[in-house]
Each structure stands twice: as structure tokens, then as C-alpha cells.
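The values are calculated or read from the model by the stated rules, or taken from the named source; none is laboratory data. The structure presented is a predicted model; accordingly, all values stated were derived computationally and were not measured. Every residue, glycine among them, receives a Cβ derived from its backbone with ideal geometry; neighbour counts consider all protein chains shown. All accessible areas refer to the heavy atoms of the entire protein, side chains included, with ligands and DNA or RNA removed. Shrake-Rupley method; radii C 1.70, N 1.55, O 1.52, S 1.80 Å.
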Amino acid sequence: MRDVKKFRRSFRYAYEGLRYALASQQNMQFHFSAAILTLILAIVFKLPKTEILFVLLSVTLVIVCELINTAVEKAVDLAMPDRHPLAKIAKDVAAAAVLVSAVFAAIVGMVVFYEPIERLIREAGTAKSGLTPGLIWTLVALVAMTVIVAQTRFSNQRIPLRPSLLTAVSFAIATWIALLTANTLVALLGYSLSIQLMFVLYDKRSRQLPQLAAGALIGSVMTALAFYLINYM
């Protein structure tokens, strides 16, 4: 019984550490959101068992490295509140571990999801007869108007929703590029520009991660929905 209580207490402490990292570290929030999106895509594309194992491995590695990085930062701050070259080295090395794991996860994602995305883009590229340039730009404007309404309508609620206008428009355009071309590389380049814009806005602290993610989701989903309604309904 004593061992069971000790195990339960250790599990609770570990869970509290995970909650703290998610609540206080923006990088952890980003990695956790990316992990959830990746797992959803793995389910949607029905990846085989081996590829799912690689996805789970890369996701777990990134989160574990981010937890260790947070622990190192707090321990260094406690031991050395003032600036010190060795403290900086410790933090930089811990951050480098996160970077290496994130690069590994990105490579795994590109390898695993390339073929399913290519197949999806190739199928979408053959169905574009009902689209005109005017209609496409009208739908992009509709995405922008939807985001503006969401910002003004829900900003004063207890749980405010202020999706990013720039990321919404950027991901809407990237989604149109992906849907209108049968070239997977062109589609991925379009999304890479949108993702870089997200990183720039996130790095400048002009928008929080949930706002950026909400904008990207609205732009992508509305565009994909409009595309399929026009061509398949």
C-alpha cells in the first residue's frame, strides 16, 4: 500500500510538471499543438503502423526535450539568478536539444506525410472547372471578413477569440495554391511561406499561438470547404 501511494504521488508530481510547462512555456504550447495536429493527420490519412510509430517517437522526443529544457532553465535560474557565461551555456545547450529533436520531427513529418499529401493534392488538382479568379479572390475576402467579425464579436467574451487576420489570409491563399495545382512541391512551398509568417508573428509576440493557430485553421478550413462545395455539390 505504501508503494502504491508513493507511485500515485510521483505520478501527480509529474503531471503537475507537465501542466506547469504547458501553462507557462509558449514553446511547449506550440510543440503540443503541433503534436495534436500531427496525430490528427495521421488518423485522417490512415498511416500504417510503422509510420505511426515514427510519428509518436518524434512527438514524444520533442516534448521530452522541451520538458528537460524547462527544468534546466528553472534550475539554472535558481542556482544563478544573475547573468553568468556558464548559465548561458547550460540554457543554450538545453535549447539546442529541443532544436535537434524538432528538426528530427520535421524530417519525419515530411517523409511520412509526403505521399498522402501528394495523393490528396493530385486528386484536388483535377477538379477545378467551377473556379474563376474572381471567385477565388472573393472567397479569400470572405475569409478575411469572417476573421474580422470573429475578432470584433467575440473579443469581449470571457474566453476571447481573436484569430490572426494575417495567418487566416495567408493560409487561405496557400490552401488555394495547394488545391489548384497538382504539383506537391509547389503546394508545400506555399504552406512553408505561411508557416514562416506564423513564426515571424509569434517571434515578435504580436500574436499568441492560439490566435495564430485559429487564424490558420479558419483560413484553411473555409477554403477547403468552399472548394469542395463548388466542385462536388
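Could you go through region 150-172 and let me know if any residue there is within 28 Å of residue 118 (Cβ to Cβ), of a type in the set (S, T, N, Q), at pLDDT 90 or above and more than 14 Å from the chain's Cα centre (by Cα).
Yes, region 150-172 contains a residue that is within 28 Å of residue 118 (Cβ to Cβ), of a type in the set (S, T, N, Q), at pLDDT 90 or above and more than 14 Å from the chain's Cα centre (by Cα).
Identify all residues within region 180-208 that are open to solvent by 30 Å² or more (accessible area, probe 1.4 Å), outside any loop (DSSP other than H, G, I, E, B) and touching a residue at least 60 places away in the same chain (Cβ under 8 Å); write none if there are none.
188 - this is the single residue of region 180-208 that is open to solvent by 30 Å² or more (accessible area, probe 1.4 Å), outside any loop (DSSP other than H, G, I, E, B) and touching a residue at least 60 places away in the same chain (Cβ under 8 Å).
Could you tell me whether region 21-43 includes any residue that is under 16 Å from the mean Cα position of the chain (by Cα) and of a type in the set (Phe, Trp, Tyr)?
yes
Check region 75-82 and report whether any residue there is over 23 Å from the mean Cα position of the chain (by Cα) and surrounded by 18 or more Cβ atoms within 10 Å (Cβ to Cβ).
Yes, that holds for at least one residue.
Give region 1-43 a look and list any residue that's open to solvent by 100 Å² or more (accessible area, probe 1.4 Å), among the hydroxyl-bearing types (Ser, Thr, Tyr) and either under 30 Å from residue 116 (Cα atoms) or in contact with an Asp or Glu (Cβ under 6 Å, 6 or more places away or on another chain) (or both), or say none.
Residues satisfying the conditions do not exist here.
Can you tell me how many residues in region 209-219 are over 13 Å from the mean Cα position of the chain (by Cα) and open to solvent by 30 Å² or more (accessible area, probe 1.4 Å)?
Residues flagged as over 13 Å from the mean Cα position of the chain (by Cα) and open to solvent by 30 Å² or more (accessible area, probe 1.4 Å) within region 209-219 amount to 1.
Name the residue, out of 90, 105, 124, that is modelled with pLDDT under 85 and either under 30 Å from residue 228 (Cα atoms) or in contact with a helix residue (DSSP H, G or I) (Cβ under 7 Å, 6 or more places away or on another chain) (or both).
124
So if I check each of 146, 138, which one is surrounded by fewer than 14 Cβ atoms within 10 Å (Cβ to Cβ), at pLDDT 85 or above and not hydrophobic (A, V, I, L, M, F, W, C)?
138
Restricting to region 44-73, name every residue that is in contact with a Ser or Thr (Cβ under 9 Å, 6 or more places away or on another chain) and either open to solvent by 50 Å² or more (accessible area, probe 1.4 Å) or under 16 Å from residue 115 (Cα atoms) (or both).
Across region 44-73, the qualifying residues are 55, 61, 64.
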